[in-house]
Amino acid sequence: MARARVLLLFAALLLCRYVTYAAAETERTLAMIKPDGVSGNYMDKIKERVLESGFKIRGEMLVQLDEGNATLFYAELSSKSFFPTLVKYMTSGPVFVMVLEKANAIADWRALIGPTDAKKAKITHPESIRALCGTDITLNCVHGSDSHKSASREIAFFFGTMFSTGHVFSPHDELRVIKKHDEL
Ligand SMILES: *[C@@H]1O[C@H](CO)[C@@H](O)[C@H](O)[C@H]1NC(C)=O
């Protein structure tokens with residue numbers, strides 16, 4: 001009897017540990033379908049890949065960036081020679097941004113999108129999203145936060161504080177149109 005009780009306690013402890021571990025690993029990352037992905041009609045296909053890879057989409061919106069937005073978003077690249085080209089590309093049409101959630105979301109989304117250079121991705125990572133819809137190192141179709149720090153900054157950039165207080169944006173809504181979402 002005592003032995004069974006000890007075993008039960010042990011099992012309960014293991015379960016607690018597992019639950020704590022799983023909860024601690026849950027992350028959010030910012031995923032973006034860039035103008036070439038949106039205009040090329042890859043949104044549905046990419047969202048399918050997102051969901052079948054186990055991500056939950058916690059927020060989403062279609063947004064047209066202006067020059068100021070793009071310059072701010074890519075501020076750390078502002079000294080690069082390709083910066084003007086990048087800003088022009090990122091403002092050439094709407095982008096579709098999503099907050100993705102799952103364990104290890106940041107690294108897993110980066111793995112799913114593949115190498116930065118879509119031309120290389122087509123050869124080395126044919127199953128990646130960039131191989132599917134990217135063209136080269138500039139027109140690479142999708143973005144993913146590269147660290148916890150970037151993920152927090154980028155989610156806040158698009159979704160502000162409203163995201164963390166229980167609101168979610170819907171596709172095709174403008175910035176100011178917000179839908180309440182019970183899941184959050
Ligand atoms: C983009 O900039 C405009 C001002 O030009 C601002 O109203 C808007 O909130 C910005 N959008 C984002 C996503 O930061």
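Read-outs throughout are calculated quantities, based only on the coordinates presented, and are distinct from any laboratory measurement. As the structure is a prediction and not an experimental result, all values here were calculated from the model. As a convention, Cβ positions derive from the backbone with ideal geometry for all residues, glycine included, and neighbour counts pool all protein chains shown.
Residue by residue, the stretch 88-95 carries 3J(HN,Hα) couplings of 5, 4, 5, 9, 6, x, x, 10 Hz when phi is fed to the Karplus relation 6.51 cos²θ - 1.76 cosθ + 1.60 (θ = phi - 60°); x denotes Gly or Pro.
With 22 Å as the limit on Cα-Cα distance, the pairs of Lys34/Lys122; Lys80/Lys102; Lys88/Lys119; Lys47/Lys149; Lys45/Lys149 that go past it are Lys80/Lys102; Lys47/Lys149; Lys45/Lys149. Working from label points 7 Å from Cα in the Cα-to-Cβ sense, the Ile57 to Ala103 distance is 2.4 nm. With all pairs of separate Cα atoms included, the stretch 26-180 yields a Kirkwood hydrodynamic radius of 15.6 Å.
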